[in-house]
1. Order of 54, 83 from fewest to most other C-beta atoms within 10 Å?
2. Fully extended, how many nm does the chain gain between residue 76 and residue 111 (0.36 nm per residue separation, minus their Cα-Cα distance)?
3. Within 10 Å, count the other beta carbons around each residue, average over each peptide in 62-73, 98-109, and list them highest first.
4. Say R0 is 30 Å: what FRET efficiency, to the nearest 0.05, do residue 130 and residue 19 get from their beta-carbon distance?
5. Find out how many positive minus negative residues lie around residue 94, taking Lys and Arg as positive, Asp and Glu as negative, among other residues whose Cβ is under 10 Å from that of residue 94.
Amino acid sequence: MTEISVGRPMEMLLIEDNLQDARLTIMSLKGHKVEHRLTLIRDGQEAMEFLHQEGRFSRAPRPDLILLDLNLPKKDGREVLTEIKSDGNLQSVPIVILTSSTSDQDRLRAEQLNAESYITKPVDYEEFLALVDQLRRYWRQDVILPST
C-alpha cells in the first residue's frame, strides 16, 4: 500500500557546519523518501537569525523539525538549543541533536531542555531514520490541510 501525501511537506532545518555530515543526513532523508523541504544553515548565529526571520531570512519558513549539531562556529549549538527552548514562539519545535559530543553533561542538558533525541556521530542512520519516521507520523497528526 502506498502512502498518499496530503498537505505540505515537513519543513526541516539542518544546523550543521560539516558539509560531509550534512550530505550524509540529506542523502539519508532522500533515500528514505521522507517528504520534506530542508534548509541547511552552517553556524549558530545564522540559525538564530533564520529562526527569528531576521534580515535576509525575513521570509524563512518556521521549521517543523530542527536537526542540530552542538559544535558550531559563531554561536555554539548548546547556546542555540538553550535560546530556542527559552523562546515562547520556538520552544515547541522538536529538536534532534546530531553531534560528535559524547559528553554526559551535553546529553543531560539536551534532556533537561526537552530535545526529542540525542544521537551521537557517526550516526546510526537506521536509528536516525526510524526517529524521523516517528516524528513525521506525529507531525502529520497536526498537519493543516489546504482548504478546498
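1. Sorted ascending by nearby Cβ count, the order is 54, 83.
2. Value of the extension gain: 10.9 nm.
3. Taking the mean over residues of other Cβ atoms within 10 Å, the ranking is 62-73, 98-109.
4. So, using R0 = 30 Å, E works out to roughly 0.75.
5. Here the count lands on -2.
Computed from the coordinates by the stated procedures, all read-outs in this text should not be read as laboratory data. None of the values given here were measured: they were computed from a predicted structure. Glycine also receives a Cβ, built like all others from the backbone with ideal geometry; neighbour counts cover every protein chain displayed.
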